[in-house]
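What follows is one structure encoded as structure tokens, with my remarks underneath.
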Amino acid sequence: MSADVITDDTVKWLDTVNEPFFGWSHYMDVHHPCFPPKKYRAQFDVEDVSQTDVSEWYSKLLTNPESLSETEIDLLRRLYDAAVVYTDFQIGRIIRKLHDLGIYENTLIVFTSDHGELFGEYNKFGKPERMYDELLQIPLIITNGPDYLPEYKNELVSLLDLPPLFHNSLGLSVPSEYEGTQFGKDDPRDYITAEHEVNGKVVVGARSKNWLYEVDEIRDDTRLFDLRKPRPKQVSFDENSETNRIQEAVMSRLADLDVETRDLENEVEGDVQNRLEDLGYL
């Protein structure tokens, strides 16, 4: 479903709800194959690209990127940018609706994403099983949140920290099962962790402000990157309190994981399976 359909549904729904309410508008447009309306493609000089072209190029991008020309990769990047602008406009429609209803000031608004995209950085494309900042450093914009949030503007934050934020914003106790940091109550994070599983094997990474450490079961490798350079540089292990801490975090996470490869094809069918395959999840 395109962003305008999601926004139309959200705006109509907002006319029917009574406070308090929780709404989640989930957009897929900034996800390949990106093909926003022609008006937005025209802003980036890609209005004449066909949807068939985009699908073919993206398939090559994931399976054989060497077969794509620099021009084709640039066109895909511009389509991605056009999709960002299109989705941004649709989110703006929701913001305007909240203003029109007179409830904007009393509504906690959180805008975020799940991952970024590579367009040749590190000679990789899409979302490979790695923990690069281009994949992990996602948008997180919070409006009408608690007064202490600006203190965390330059701190490391995980999406795990959002559920506690929702509870605290409503004056509710935070369930002990939540793993996230509580803004304003807990110290800022020393690191964030992330992971990617493929066929029962995982890559687990921990990123502090200065270092990134990965244990890669897929490639049977471990990697340490120094993030203090203009570009991340892979280095030999540097024994210090910060690197020791993120190494321990990765090993602890690996010990907790019980990754089992599931036969998803037996759990989903029809249109759902087709859509998951299109997104690369099956």
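The values are calculated or read from the model by the stated rules, or taken from the named source; none is laboratory data. Bear in mind the structure is a predicted one, so any value in this text is a computation, not a measurement. All Cβ positions, glycine included, derive from the backbone under ideal geometry; neighbour counts span all protein chains shown. For the accessible areas, the whole protein counts, side chains as well, though only heavy atoms, and no ligand, DNA or RNA atoms are used. Shrake-Rupley method; radii C 1.70, N 1.55, O 1.52, S 1.80 Å.
Structure notes:
- Considering helices alone, the calculated mean residue ellipticity of the chain at 222 nm is -11000 deg cm²/dmol, with DSSP H runs of length four and up weighted by -39500 (n - 2.57) and normalised per residue.
- Across the chain, the fraction of Cα-Cα pairs farther apart than 30 Å, rounded to a whole number, is 43%.
- Note on S176 and E155: the model spin-label points, each 7 Å out from Cα along the C-beta direction, lie 2.4 nm apart.
- Based on protein heavy atoms only, the chain ends up with 61 Å² per residue of surface accessible to a 1.4 Å probe.
- Exposed loop sites, defined as trypsin sites (Lys or Arg not before Pro) outside DSSP H, G, I, E and B with at most 16 other Cβ atoms within 10 Å, are absent from the longest region of the chain, namely 1-123.
- Separation of the K12 and V272 label points, Cα + 7 Å toward Cβ, nm: 2.3
- When a 1.4 Å probe is rolled over the protein heavy atoms, the share of accessible surface on the stretch 82-231 that falls to carbon and sulfur comes to 46 percent.
- Quotient of Cα Rg and 2.2 N^0.38 Å for the stretch 1-128, N being how many residues it contains: 1.25
- Virtual spin-label span in nm between S50 and L227, 7 Å along Cα→Cβ: 4.4
- Note on D190 and T143: with the Förster distance fixed at 30 Å, the Cβ-Cβ geometry gives a FRET efficiency of about 0.65.
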